[in-house]
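Structure, as structure tokens:
The values are calculated or read from the model by the stated rules, or taken from the named source; none is laboratory data. Please read these numbers as outputs of a predicted model, since none were measured by experiment. Please note: Cβ atoms are built from the backbone with ideal geometry, for glycine as well, and neighbour counts cover all protein chains shown.
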């Protein structure tokens, strides 16, 4: 998008179809296609940095004379570490419930003394303990991007693929 800038202030955002130039020349249609006139008429490009909408938003655009562009500042949204940890523990517990059902079914069919099954269970318990520790150790910085990845859950579930139902 382009913005009309006069005296360092954004006057209009978005090039209109019709436009009156400073010299009085008026376009009653098609001005947006006359790109060679835009810069001399005061229209400037915008620069929007990439952001993560989960944690950031764009601020109000402003004209930056050093860049000769309209820029959007990035504003970090407030972050609640405790709420994030609660959400992650709820998610982890949901996955644990799934694993408990899976393990229980396997134990009924293959017995509790099956070496392969016990090895898979130990792996699940180890990963859960590591995940609990990681969640408890989160900081505001690490908590913003930490997630329980579905591919990790799927790879743990794959440990039980040899136990057919």
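The set of residues from the stretch 18-31 being farther than 17 Å from residue 5 by Cβ and out of contact with any helix residue (DSSP H, G or I) (no Cβ under 8 Å at 6 or more places or on another chain) comprises 23, 24, 25, 26, 27, 28, 29, 30. For residue 99, indicate whether it is more than 30 Å from residue 120 (Cβ to Cβ), surrounded by 14 or more Cβ atoms within 10 Å (Cβ to Cβ) and in contact with a helix residue (DSSP H, G or I) (Cβ under 6 Å, 6 or more places away or on another chain). It is false that residue 99 is more than 30 Å from residue 120 (Cβ to Cβ), surrounded by 14 or more Cβ atoms within 10 Å (Cβ to Cβ) and in contact with a helix residue (DSSP H, G or I) (Cβ under 6 Å, 6 or more places away or on another chain). One residue stands out among those in the stretch 116-137 that are crowded, with 17+ Cβ neighbours inside 10 Å and farther than 12 Å from residue 96 by Cα: the one that is modelled with the highest pLDDT, which is 135. Annotation: of all residues in the stretch 141-165 being part of a loop (DSSP other than H, G, I, E, B) and touching a helix residue (DSSP H, G or I) at 6+ places or on another chain (Cβ under 6 Å), the one that is modelled with the lowest pLDDT is 163.
Residues in the stretch 1-38 that are surrounded by 12 or more Cβ atoms within 10 Å (Cβ to Cβ), in a loop (DSSP other than H, G, I, E, B) and either more than 34 Å from the chain's Cα centre (by Cα) or touching a residue at least 60 places away in the same chain (Cβ under 8 Å) (or both): 21, 34. Screening the candidates 78, 73 for the property of being modelled with pLDDT of 95 or more and either surrounded by 12 or more Cβ atoms within 10 Å (Cβ to Cβ) or within 19 Å of the chain's Cα centre (by Cα) (or both) yields one hit, 73.
Name every residue in the stretch 48-76 that is in a strand (DSSP E or B), over 17 Å from residue 14 (Cα atoms) and out of contact with any strand residue (DSSP E or B) (no Cβ under 6 Å at 6 or more places or on another chain), in order of residue number.
Once the filter is applied, which keeps residues that are in a strand (DSSP E or B), over 17 Å from residue 14 (Cα atoms) and out of contact with any strand residue (DSSP E or B) (no Cβ under 6 Å at 6 or more places or on another chain), the stretch 48-76 yields only 58.
When you check residue 45 against the structure, is it free of Cβ contacts under 8 Å to residues at least 60 places away in the same chain and either surrounded by 11 or more Cβ atoms within 10 Å (Cβ to Cβ) or part of a strand (DSSP E or B) (or both), yes or no? Even if it seems obvious, please write down each step before you answer.
Working: free of Cβ contacts under 8 Å to residues at least 60 places away in the same chain: yes; either surrounded by 11 or more Cβ atoms within 10 Å (Cβ to Cβ) or part of a strand (DSSP E or B) (or both): yes.
So residue 45 passes the test.
Residues checked against (1) assigned to a loop (DSSP other than H, G, I, E, B); (2) closer than 21 Å to residue 152 by Cα; (3) touching a strand residue (DSSP E or B) at 6+ places or on another chain (Cβ under 6 Å); (4) free of Cβ contacts under 8 Å to residues at least 60 places away in the same chain:
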site	(1), (2), (3), (4)
82	no, no, no, yes
88	no, yes, no, no
91	no, yes, no, yes
100	no, yes, no, yes
124	no, yes, no, yes
